[in-house]
Every structure is written in C-alpha cells, then in structure tokens.
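For reference, the structure discussed in these notes is given below.
The values are calculated or read from the model by the stated rules, or taken from the named source; none is laboratory data. None of these values were measured; they are calculated from a predicted model. Positions of Cβ are generated from backbone atoms using ideal geometry, with glycine treated the same way; all protein chains shown enter the neighbour counts. Keep in mind that these areas ignore ligands, DNA and RNA; they rest on the heavy atoms of the full protein, side chains included. Shrake-Rupley method; radii C 1.70, N 1.55, O 1.52, S 1.80 Å.
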Amino acid sequence: MTARAELERLARQARDELAAAGLPLSHEGLAPDLQCGVTVRVTMWEPDDGVVHADWRPSPRLSRVAVDALRHKHLDHPALHRQGAVSQAMADAVITILTAVGFTARHTTNDYLPYGVDVLAAPEGPPAWAVHDDELTMPGWSG
C-alpha cells in the first residue's frame, strides 16, 4: 500500500470514529457557505511523506464575521475571540474522542493551522460500532 493510501485509510477511520461520536463532518467539496463541522484530510508533503489533519470549521456566519473583523483590524472583536475559543475547544474534543478509542492524536505543530489536530495512528481491530456477525443472523434460521 502506498503512503498516500495508508494515510487515506487512517483519515477514513478517524472520520468514521468522529461521526460515530456524533460530530458533524464537513467536506471540502461543499460550497463555502455550507462548510461547518470537523474536516479530516490528508496533506502530502512529499510522495512518501504526509499527515492526516483534522480541524473544526465553525459556522460560516461566525467565520465570516471573524474574517471581516481581521480585515478591518478590529482585533478585540468578540467574534475573533469566540472563533478561537470554539476552535480550541473542538480540537481538544477531537483529540479526546480519538484517543479514547485508541488513536494517537495530538495538537498540530504546524503554525499555519493553530487549532489543528494531527492524527498519527489508528487502533488495531474493528471499531466498537462495527456490525458483528451475530447481528446478521436471525434466530431460528439456518443457512
């Protein structure tokens, strides 16, 4: 399996666990006005070197107001503080959720993604929410 394929698999596993926990997932293909929730994506630095990165996208409205505040240099605007607080809280939540089920995850060291999470490894074995064989059989039926 290629490095990218392994990272895509790790990203899918992390997305599945975050969705199982009830977090809304945001997909980069959505229109910007619809993007909110957690994103999990693969970033490749070199053909054989990359990272799985997760981050929280607050509501488009909060994001827009925060960007406007920055654009006008209103650095004390409440939307900037709120967006930072929400993003930090959700990064902590993503790490807590993923590590609780056996992933290795940490706050990113990438200065360009201040509230990001690096997902480094997944647990072995199937997730707790996976369908089990006994769910697929009906009592009294043989086959």
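The single residue among Gly84, Gly116 that is touching a residue at least 12 places away in the same chain (Cβ under 8 Å), surrounded by fewer than 16 Cβ atoms within 10 Å (Cβ to Cβ) and within 17 Å of the chain's Cα centre (by Cα) turns out to be Gly84.
The set of residues from region 50-81 being in contact (Cβ under 8 Å) with a residue 12 or more places away in the chain and assigned to a helix (DSSP H, G or I) comprises Pro60, Leu62, Ser63, Val65, Ala66, Ala79, Leu80. Answer yes or no: is there a residue in region 55-67 that is touching a Pro at 6+ places or on another chain (Cβ under 8 Å), surrounded by fewer than 19 Cβ atoms within 10 Å (Cβ to Cβ) and over 30 Å from Ala128 (Cβ atoms). Within region 55-67, one or more residues are touching a Pro at 6+ places or on another chain (Cβ under 8 Å), surrounded by fewer than 19 Cβ atoms within 10 Å (Cβ to Cβ) and over 30 Å from Ala128 (Cβ atoms). Exactly one residue out of Pro123, Pro127 is part of a loop (DSSP other than H, G, I, E, B), surrounded by 11 or more Cβ atoms within 10 Å (Cβ to Cβ) and at pLDDT 95 or above: that is Pro123.
Being assigned to a loop (DSSP other than H, G, I, E, B) and more than 22 Å from Ala93 (Cα to Cα) is the filter here; which residues of region 1-49 pass it? Residues satisfying the conditions are Met1, Thr2, Gly29, Leu30, Ala31, Pro47, Asp48.
Going through (1) open to solvent by 100 Å² or more (accessible area, probe 1.4 Å); (2) in contact with a Lys or Arg (Cβ under 6 Å, 6 or more places away or on another chain) one by one, Asp111 falls short only on (2). Scanning region 26-40 for residues that are modelled with pLDDT of 95 or more and open to solvent by 40 Å² or more (accessible area, probe 1.4 Å) yields nothing. Restricting region 7-25 to residues that are among the small types (Gly, Ala, Ser) and surrounded by fewer than 18 Cβ atoms within 10 Å (Cβ to Cβ) leaves a set whose member that is farthest from Gln83 (Cα to Cα) is Ala20. As a summary of the residue check, Leu98 satisfies the conditions (1) assigned to a helix (DSSP H, G or I); (2) closer than 14 Å to Ala11 by Cα; (3) touching a Phe, Trp or Tyr at 6+ places or on another chain (Cβ under 9 Å); (4) not acidic (Asp, Glu) except for the one numbered (3). Do we find that Arg71 is at pLDDT 95 or above and open to solvent by 60 Å² or more (accessible area, probe 1.4 Å) in this structure? Here the answer is yes, as Arg71 does meet what is asked.
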